[in-house]
Each structure stands twice: as C-alpha cells, then as structure tokens.
1. Any residue in the stretch 215-240 that is free of Cβ contacts under 8 Å to residues at least 40 places away in the same chain sitting within a Cβ distance under 9 Å of a residue that is surrounded by 22 or more Cβ atoms within 10 Å (Cβ to Cβ)? List the pairs, counting only those 6 or more apart or interchain.
2. One residue is enough: does the stretch 198-211 have a residue meeting the conditions modelled with pLDDT under 95, more than 17 Å from the chain's Cα centre (by Cα) and either on the phi > 0 side of the Ramachandran plot or in the same structural domain as residue 331 (by TED's automatic domain parsing) (or both)?
3. Take residue 170 and tell me if it is buried (at least 20 other Cβ atoms within 10 Å of the Cβ) and assigned to a loop (DSSP other than H, G, I, E, B).
4. Do we have residue 131 as more than 29 Å from residue 225 (Cβ to Cβ) and in the same structural domain as residue 215 (by TED's automatic domain parsing) here?
5. Exactly one condition in (1) part of a helix (DSSP H, G or I); (2) closer than 30 Å to residue 167 by Cα; (3) modelled with pLDDT of 95 or more is not met by residue 42; state its number.
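The values are calculated or read from the model by the stated rules, or taken from the named source; none is laboratory data. Here the structure is a predicted model, which means the values were calculated and not measured. Neighbour counts run over all protein chains shown; Cβ positions are idealised from the backbone, glycine included.
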C-alpha cells in the first residue's frame, strides 16, 4: 500500500507577499483554477491510481488559507464530493491536506478546517531565523510559526514543516538551528527544499548584483545532509527533499542557478548515510575484512550512491578491501560484529 497525493496547484492565490525566491512567471498569465476545473483534475488523476493506495487530495502551490473564505469552502466542498465519488468507486480516500503560511493560521481558520476531513496542514516555515526571513521578504517571523504550530496542535490537526536551505543570510549554523527549533514544535513530518534561483525572481537580481551567492551542488548536499541528520535524530519523517522534477527545473533558462540536480534528494540522503558509516568506522577499535554494514531494507542505493561514490570513498579513507551491505529489518545503519559470507541477501563491493 502506498500513499498518494492528488495535487491541485493554486499558484500564489491568497498570498500578498512576493518572497525573493518566488518564480514570478508562476504568478502571472495564469487563470485562477476554478473549483469545477479542480474537480475534473482530481477525478482524472484518480483514474490513474490504484485502489490499494491511500489517497489524499492536496491543495499545493499557494497560501491556501489566505484565500477568501467562500473560495476556501468551495475548494474544500469540491474535495469532499471527489472523496465521496472515489470511495464509492472503491478507492481509499483518506482526507485533504493543504500548504499555507504560518501567519495565515488563525482561530477562524482552525474552526473552518475542523469542519472538514483535513489530515495535514503544510506550513512554509522555511527558516526559524528572523534575519533570514526578513532578507527573504517572507512577511512573517519565527514567532508566527510557533503560534501556528500551537494552534494546530491544540486543534488536533497534524502539520508538516517545509524548510529551505540556502536562503539569503542563511548559513549551516542557522539552518541546523532551524531544524532543532522545528523539532521542538512537534510537526508530524517535514520537507527540505534547497533553494533554486528562478528566472524573473528577485533572487536572480540579487545574484546578478552579487548580493546573493546561490548554492553549489556540493553546498546543497552538505547543508541538506546536516539538516536531515538533525531531523532523523528527532525521528521526524522527511517526506521529500528538493523540488519535484519538472521541465522548468531542467531548463537552464528557467532555473538559472542553485540546487537543480534532478536527484538532489538521493544525493543528500546518501551523504547522510556516508556520515553515519564514517562514524561507525571511526568508533571501531579493530577493523574486519570485509567490513559489513547492516542497513534498513531498501537503503542499498542510498548507501552506495551513483558510481559507488560512497563505497570508493570509504575504501580509500579507511584502506578497506571489501565492503558488504546486508539489508535487514534494522532501524538504522549499523556494523556487523563479524564479517559475513557473500551469499543471498548480501551485496559485496
């Protein structure tokens, strides 16, 4: 069974702010998606999904709770009708989620959301550093995030923290501080987005003028891994790392700089795995040959990464001849006490 979102994008509707990283082309020249058009899109997407999946309808791309209340209700009523249609057809429709800003969560908003099957609210936290928020022209402060998280918690509505790395004025220390502060607010999950510089954004102008230095790929991987490690230590699920792959991301005339690598999420997760393996090897008093790591099922590609970069790095740094990975039902990467034979279930490099 898999979890699937049917994403309905309402780009920048309800948002009076223009953050410096905002892709200006996404907010110009586009008609507002009507609830009826949203219904058609949801039903069309539903036909492509499995009835074994758990399915949520997700309003993404804008500040959903900043819309006029009548329009919010129209979208949510539309989602309700689509859920009913899906359930009658045998699909597993679990609820509705939406993305919004921390300063667009009020008592009235909470009262409205509680009257619908809202399964999660995704907050664009981005940073818990007020200087970074100001330089990014977010229009809210860290205290707004704290208040929003508390209101959602009291209402029993799960929330997801969306974080960004590489924003103006941000550095590894402030990003790690943001991750630690977010853990204290007890979200149900998180997302990590390395900053991308889009053509037409104010961030592009800042970059051209020299007041902003975009993330290199290595910067994005290192800083993303540092944030991911903190969230993992706090046992907070990370739903996604990096923007969804799209033509816009792969087009250098659209995404002009920053973390545009199509597999940035895998690279960051792999760097975190590498750091864990290094710590394990550094703690060894005596090394075995081959060195065997027990890893959670499904993590093999993350541990070895493209072109076996992690494997080659570990072999060179620790003078290892062979490394074995064995996928088992373990919660995290760990070293086997003894070298294990090369047989079924083992991967030797």
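1. Listed by first residue and then by second, the contacts come to 216/258; 216/259.
2. So far as the stretch 198-211 goes, yes, one or more of its residues are modelled with pLDDT under 95, more than 17 Å from the chain's Cα centre (by Cα) and either on the phi > 0 side of the Ramachandran plot or in the same structural domain as residue 331 (by TED's automatic domain parsing) (or both).
3. It is true that residue 170 is buried (at least 20 other Cβ atoms within 10 Å of the Cβ) and assigned to a loop (DSSP other than H, G, I, E, B).
4. Taking the combined requirement at face value, the residue does not satisfy it.
5. Single failed check for residue 42: (2).
Here's the yes/no breakdown for (1) outside the structural domain of residue 58 (by TED's automatic domain parsing); (2) modelled with pLDDT under 95; (3) closer than 24 Å to residue 105 by Cα:
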{"site": "161", "(1), (2), (3)": "no, no, yes"}
{"site": "175", "(1), (2), (3)": "no, no, yes"}
{"site": "180", "(1), (2), (3)": "no, no, yes"}
{"site": "214", "(1), (2), (3)": "no, no, no"}
{"site": "223", "(1), (2), (3)": "no, no, no"}
{"site": "237", "(1), (2), (3)": "no, no, yes"}
{"site": "247", "(1), (2), (3)": "no, yes, no"}
